[in-house]
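What follows is calculated from the coordinates using simple rules that are stated; it is not laboratory data. Computed from a predicted structure; not experimentally measured. Note that each Cβ is placed from the backbone with ideal geometry, even for glycine, and that neighbours are counted across all protein chains shown.
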Amino acid sequence: MVGIPTLAVLAFASYRGTQLVVHDSIGDPLRDRVIAWHERRPDSSFRNAIVTLIACTYCAGWWVSGAVLLTYLLAAGAWTGVPLLLHLVEWFAVAGGQALLNRWDDSRDRDAV
């Protein structure tokens, strides 16, 4: 099982990755293209899901957390020999830490205004 310090680092990495996907200006051209693609067929469930995925901090954060955790587990050689259910719990832990960091960041921005 991944230790608490490692989970914290993975949560911070997932937070940053989520910010990159949802908010950072470097992703604006891709997000604009996806939104324009969605506007051509706004009644498409698939297109709605894709737009939601890149616009929702918690939706994107869940998948970014999974990708960060999987990358770490594979790179560290910690994927095998551990029950899959334990990796799922680790995924929830990383995503939960990422969500808490996003909540803190959102509240901090609101207080600064």
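Using alpha-carbon pairs under 8 Å, 6+ residues apart, how would you state the relative contact order of the chain in percent? Please report the intermediate quantities before stating the final value.
Numbers: 87 pairs, mean separation 46.6, N = 113.
41 percent.
Multiply the residue gap between I50 and L88 by 0.36 nm, knock off their C-alpha separation, and tell me the result in nm, one decimal place.
Gain in length upon complete extension: 11.4 nm.
Can you tell me the order of 93-100, 79-86 when each peptide is scored by its average per-residue count of other Cβ atoms within 10 angstrom, highest first?
Ranking, from highest mean packing down: 93-100, 79-86.
From zero outward in steps of 10 Å, how is the percent of C-alpha pairs of the stretch 51-113 spread across the bins?
21, 41, 27, 10, 2
State the label only: which of [x] 8.7; [y] 10.7; [z] 12.9 corresponds to mean projected area of the Cα convex hull in nm² computed from the shown model?
Calculated mean projected area of the Cα convex hull in nm²: the matching label is [x].
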